[in-house]
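Accompanying notes for the structure given below.
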Amino acid sequence: MQDIIEQLEARRERARLGGGKQRIERQHEKGKLTARERVEALLDEGSFEEYDMFVEHQCADFGMQEQKIPGDGVITGQGTINGRLVYVFSKDFTVFGGSLSKAHAAKIVKVQQMAVRNGAPVIGIFDAGGARIQEGVDSLAGYADIFMENVLSSGVIPQISVIMGPCAGGDVYSPAMTDFIFMVKDTSYMYVTGPDVVKTVTNEDVSHESLGGASVHAKKSGVVDGAFENDIEALVQMRRIFDFLPLSNKERPPERPTFDLPDREEPSLDSLIPANPNSPYDMKELIEKVADEGDFFEISPDFGANIIVGFGRLEGSTVGFVANQPMTLAGVLDIDASRKAARFVRFCDCFNIPIVTFVDVPGFMPGTKQEYGGLIKHGAKLLFAYAEATVPKVTVITRKAYGGAYDVMSSKHLRGDVNYAWPTAEIAVMGAKGAVEIIFRKDLGDPEKIAEHTKMYEDNFANPYVAARKGYIDDVIRPHSTRKRVIKALRSLRNKDVKNPPKKHDNIPL
Amino acid sequence: MFEKILIANRGEIAVRVIKTCRRLGVKTVVVYSDADAGSMAVEMADETVHIGPSAASESYLVMDKIVDAVKKTGAEAVHPGFGFLSENSEFAKRLETEGITFIGPNPYAIEAMGDKISSKKLAAEAGVSTVPGHMGLIKDTKEAVKISREIGYPVMIKASAGGGGKGIRVAANDKEVEEGYPAVKAEATNAFGDDRIFIEKFILNPRHVEIQVMGDKHGNAVYLFERECSIQRRNQKVLEEAPSPLLDEATRKKMGEQAVALAKAVNYDSAGTVEFVASGVDKSFYFLEMNTRLQVEHPVTEMITGVDLVEQMLRVAAGEKLALKQKDLKINGWAIESRVYAEDPYRNFLPSIGRLKRFHPTPEGPLGKGTVRVDSGVREGDEISMFYDPMIAKLVTHAATRDEALDTQAAALDRFHIEGIRDNISFCAAVMDEKRFRSGDITTAYIKDEFPDGFHGTPATDFQRTALICTAAFLHGVFTERASMISGRLTAPTPPRQDWVVILGDEYHPIHLEQGLGEATITINGGSKHMLVSDWMPGAHLVEGALDGEPLAVKVADRTEGYELSHRGVRVRALVCTPTMAKFHERLPEKEKPDMSKLIISPMPGLVVSVDVTPGQDVKEGEAVCVVEAMKMQNIIRAEADGTVKAVNVGAGDSVAADEIMIEFA
């Protein structure tokens, strides 16, 4: 009996070694942790329960029957982050380069299905060379099985992908369908086709980094939601974001005690809006001064920076912040900003996270580049997302809310629950100059009259009171009391119950 | 006494004057430019008058606008503060003709002291010690030796047109004059085409010591002892103290009496300062100049004498007789002031502008064995603009002895928190801890001597290392415990882990942590055991408490991973992790820093004044490549190595952000 039990330990030991000491060393030399170390770093100490440790591939072609390593290139299981359940899979580059076999895919699908059944998020860690070519079409089938689970879980449980090495070809589409993707700078890259194929097809010379490095996806393509310096930082931050997320769509956002007072006033917010209406200011300061303890987890900080999205807490409970950023492109809505914010709003709506929106938007970005790029449909995504969202929606207009962009940014007209404005708000169809040039076209040749009209327009229309008189704004509030007022509003919305008409699903302008 | 006065200034000095006026029941009028429309001074004043655009040349410096404001508001007198029009005799005269009282000295005194040469002559006539020297033409080497002997060694042989270290020699004896004089003469001829040479006394270990004087319109004058302002950078004072660690009673009396003699010689009838250069070797001192205004550093004098200098200025301006008698004036304890500047000490003290996102000055009142006073004219949310002086506050501490005053200052600096702009607080705090400064053996070259390559933070002492490890552990203990209280757990929170590794910079320190409520016991490396008590809560930027019973204040900034901790001049990143994670950290190789030598990046936000290179141009190390202006200061950006310009990304007139890539090299 004793030796049989000891045999189990020996088998485990062999499985834990993955691709062997040499390959593990090579992984470390590259500045990467191993698949197993990553899981350890991500989860509460000692909480990891591994499944399918002894799974091996079934391929008998190309001499593969001689090469079998228990686990088959991916580590799967469950554990906890600060005591809350999470399912994980972590690709093991030291075993067949982490390539995907049928057995490997089945392991991932197993935890995906368990996660949905048990209502807990999935975090996938990617570091792999793509399909197991020797397995041919079985490998493709395996990918599709994973994709299918990604799609069915979408909106049911949060899914997060962390790219910590190569991720190419079929491997990219599973992360692409998850809620958030994060990358590690310099050691990871992500693309559909690699530099060699690119060279053959388009004759472009491009490196792994400049084709699909973190700098590309976090800044240019917007594919990833954040980039970190190294594996450890990335995993520590995954623990941080996890604490903001509900476990599934059946749950409320998590709560934890806070030391921050709900009625904390911030007198300096009374001077946040500069005297000159065209001067920028940092909207992040408002978010940080409203959120509990100034703690804000920003999503996609370097992409579409004219809008800020991310998670914070109010009274210890998660809220999603969406805010125009006057520091970048005057906070205008363009294709990138609309896409980024729309996806975030929809995530919050899926998972019962209230949305707090701070508005300072001069309108949509004009120009051929935007129109050719389909701004109409991309802008519509944000409008659609806000309109369909049934979670609590609290809006504060700090300065400009012009034209259609006013409507889009969680306005009363799109079922905004509580809509506030600062006294500095200008809620109007457009800025004074533009409006006067249209309304008083006949006076265009007379600069004196135009100046007079402009002053009149500014005095009478560039303020929050026109909208407030019509009930489009529930109250005009002092900037320093923003935290207090937003918290009060959210308290009143705790049992909000709004349902959209029954349908198979909507048809958002993708 | 006046019923209403106008303050022709801004910022902290305007606030400072208002405070005294309020106490005396004098109403105040503050003038303000566009940039200062919502300032603290404007908020505190009884009346305000807008006087134009932000540039001082179009507002605070325009006499007509000030005079108009006085007339409009019916103020009887004008306090000029310092800077701007404070030492402008034309302004004082103009007010006189308009029948408005100038709260400052009479125009004659301003004029007489305003000119360097005439003031020196006047000082010499009044019996004030001036730097011995020979201004006339020198025939030959023989005469140079004779003159040098008369002056007394060491002497400085200086080309009239010299500067920047060229054309200057110091000679300690006849022989060195014999060698040095012809050398300087030749250098002067070659370099400047002007072979005029003068010789003057070379002051060894020069220190900046100044005497505060106060006079009235009735011929009375007293001195309120000295201030030492030797800690300067680029001729800008950073730290000032009173009294001076250099002076003894006899020297103090002699210096004070000479200053009073000079004041009386020019009928000085307000607050003024007579500046001396004093030798750290023999306490000999020589007149430099007289400042005919209130000085920035006046609070240290107020702290040790108990006299409100602004009040005195108001009283004598109103014609009152000076109530202060020399024999009643006594030095009580020691005071020191740090000028808190909006500048980045880690980046060669470049100016930093922006909004004060957080501004929590140290609370005024008792701290440790001393007291704290803060003179500031800004509040959280105010903008530090490029239009005016980058000084944002003066932190003054007072205690019975110099050591205690310095201790209190250091503790106060540790509690002064600013975000949104860079500040020099860590630098000032580093100086407080520095041995030579502590000993009082300082000179005007102190910063250059002790920080020759600029400021890069100071290494942690053993005490600081312990304090920072304990602080990091404490913070982590609080965070970990709180994180474990999240809703939705599978099990009740397990007892908190006790074994951790604190990674401080690149040092690994295993610790044992017992976290309690508002306190923690930390054992470092299985050895020393410490108790940290603090009511710190997440979100606060200052960990204030006691370590093993001794008061401790550490600033904490959140970073993506870990905490950035600052104490005195030390700034370090601290990570707290499990032993397993610590092993992982050790495994990850340090990433190579990107090669910045091929890039010229903007060191601060500002305006590009000029770009001096074009693509393809070869540039030598140290060559100027462009000029960026911020806060009235033109900063010449130089190439750090030889190279060829590949791309120029900015042009004259462009605004640049900090760290923006301006020029790239091939």
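A Förster distance of 51 Å, applied to the separation of the beta-carbon atoms of B:THR130 and B:ALA400, puts the FRET efficiency at 0.90. The rule of thumb for compact globular proteins, 2.2 N^0.38 Å, goes into the C-alpha radius of gyration of region B:87-131 1.36 times. The calculated FRET efficiency for the pair A:THR390 and B:ALA37, based on their C-beta separation and a Förster distance of 45 Å, comes to about 0.50. Efficiency by 1/(1 + (r/R0)^6): what FRET value for A:THR193 and A:ARG252, r their Cβ-Cβ distance, R0 = 60 Å, to the nearest 0.05? Working from the Cβ atoms, E equals 0.90.
Convex hull volume of the C-alpha atoms in region A:283-413, normalised per residue: 92 Å³. Placing +1 on each Lys and Arg Cβ and -1 on each Asp and Glu Cβ, with no other charges, gives the protein assembly as shown a dipole about its Cα centre of roughly 1740 debye. Calculate, in whole percent, how much of the Cα-Cα pair population of region B:467-528 lies beyond 18 Å. Above the 18 Å cut-off, region B:467-528 has 37 percent of its Cα pairs. Rounded to the nearest 20, the size of the Cβ-charge dipole of region A:50-100 about its Cα centre is 280 debye, with Lys and Arg at +1 and Asp and Glu at -1.
Over the protein assembly as shown, DSSP H runs of length four or greater, each weighted -39,500 (n - 2.57), average out per residue to a 222 nm ellipticity of -9500 deg cm²/dmol. Taking other C-beta atoms within 10 Å as the exposure proxy, A:ASP474, B:ASP64, B:ASP548 rank B:ASP64, B:ASP548, A:ASP474 from fewest upward. The Stokes-Einstein estimate for region B:520-589, based on a Kirkwood radius over Cα pairs and taken at 25 °C with 0.890 mPa s viscosity, is a diffusion coefficient of 177 µm²/s. Rounded if a/c is under 1.5, else prolate if a/b beats b/c, else oblate: with a ≥ b ≥ c from the C-alpha gyration tensor eigenvalues square-rooted, which is region A:348-435? In terms of gyration-tensor shape, oblate.
Computed from Cα atoms alone, the Kirkwood hydrodynamic radius reported for chain B is 28.1 Å.
Across region A:174-180, computed HN-Hα scalar couplings (Karplus, 6.51 cos²θ - 1.76 cosθ + 1.60, θ = phi - 60°) run 5, x, 4, 9, 8, 6, 9 Hz from first to last residue, x flagging Gly and Pro. Please give the charge dipole size of chain A, origin at the Cα centre, charges +1 on K and R Cβ atoms and -1 on D and E Cβ atoms. Round to the nearest 20 debye. Once rounded to the nearest 20, the dipole reads 1420 debye.
DSSP finds beta bridges in the protein assembly as shown, and of those with both partners inside it, around 75 percent are antiparallel. Between B:ASP248 and B:ALA445, the contour length at 0.36 nm per residue exceeds the Cα-Cα span by 68.7 nm. Which longest uninterrupted range of chain B lacks any trypsin sites (Lys or Arg not before Pro) assigned by DSSP to a loop state (not H, G, I, E or B) and surrounded by at most 10 other Cβ atoms within 10 Å? By the stated rule (loop sites, at most 10 other Cβ atoms within 10 Å), B:331-619. In order along region A:40-57, phi translates into HN-Hα couplings of 4, 5, 6, 9, 4, 4, x, 8, 6, 10, 8, 10, 6, 5, 9, 5, 10, 6 Hz, rounded to whole numbers, per the Karplus curve 6.51 cos²θ - 1.76 cosθ + 1.60 with θ = phi - 60° and x for Gly and Pro.
Geometric descriptor of region A:157-302, per residue, is 159 Å³ (volume of the convex hull of the Cα atoms). The modelled label-to-label distance between B:ILE661 and A:ASP145, using points 7 Å beyond Cα along the C-beta direction, is 4.6 nm.
Within chain A, the proportion of Cα pairs with more than 35 Å between them is 41 percent.
Kirkwood's formula applied to the C-alpha pairs of region A:417-510 gives a hydrodynamic radius of 16.7 angstrom. For A:VAL95, the residues whose modelled amide H falls within less than 5 Å of its own, excluding neighbours fewer than 5 places apart on the same chain, are A:GLY19. Within chain B, what percent of beta bridges assigned by DSSP are antiparallel, to the nearest 5? Counting DSSP beta bridges with both partners in chain B, the antiparallel share is about 90 percent. Amide hydrogen proximity for A:ILE307: with H placed 1.01 Å from N in the peptide plane, the residues at 5 or more positions away or on another chain lying under 5 Å are A:GLN325.
Between amide H atoms placed 1.01 Å from N, distances below 5 Å from B:SER54 occur with B:ASP34, B:ALA35, all of them 5 or more places distant or on a separate chain. Take every DSSP beta bridge whose two residues both sit in chain A; close to 40 percent of them are antiparallel. When both region A:45-120 and region B:448-477 are represented by their alpha-carbon centers, they are found 45 Å apart. For the protein assembly as shown, taking the reciprocal of the average inverse distance between every pair of different Cα atoms yields a Kirkwood hydrodynamic radius of 34.4 Å. Once you order the gyration tensor axes a ≥ b ≥ c over the Cα atoms, which shape class does region B:1-144 get: rounded for a/c under 1.5, otherwise prolate or oblate by comparing a/b with b/c? Note, shape of region B:1-144 comes out prolate. Volume of the convex hull of region B:275-417 (Cα atoms only), normalised per residue: 180 Å³. The fewest-to-most ranking of A:GLU266, B:GLU564 by surrounding Cβ atoms within 10 Å reads B:GLU564, A:GLU266. Evaluating 6.51 cos²θ - 1.76 cosθ + 1.60 at θ = phi - 60° for every residue in region A:76-87, the Karplus couplings come out as 10, x, 9, x, 10, 10, 6, x, 9, 5, 8, 9 Hz, glycine and proline recorded as x.
Coordinate-derived values only; no laboratory data. In this text, all values refer to a predicted model and were calculated from it rather than measured experimentally. Quick reminder, even Gly has a Cβ in these numbers, built from the backbone with ideal geometry, and neighbours come from all protein chains shown.
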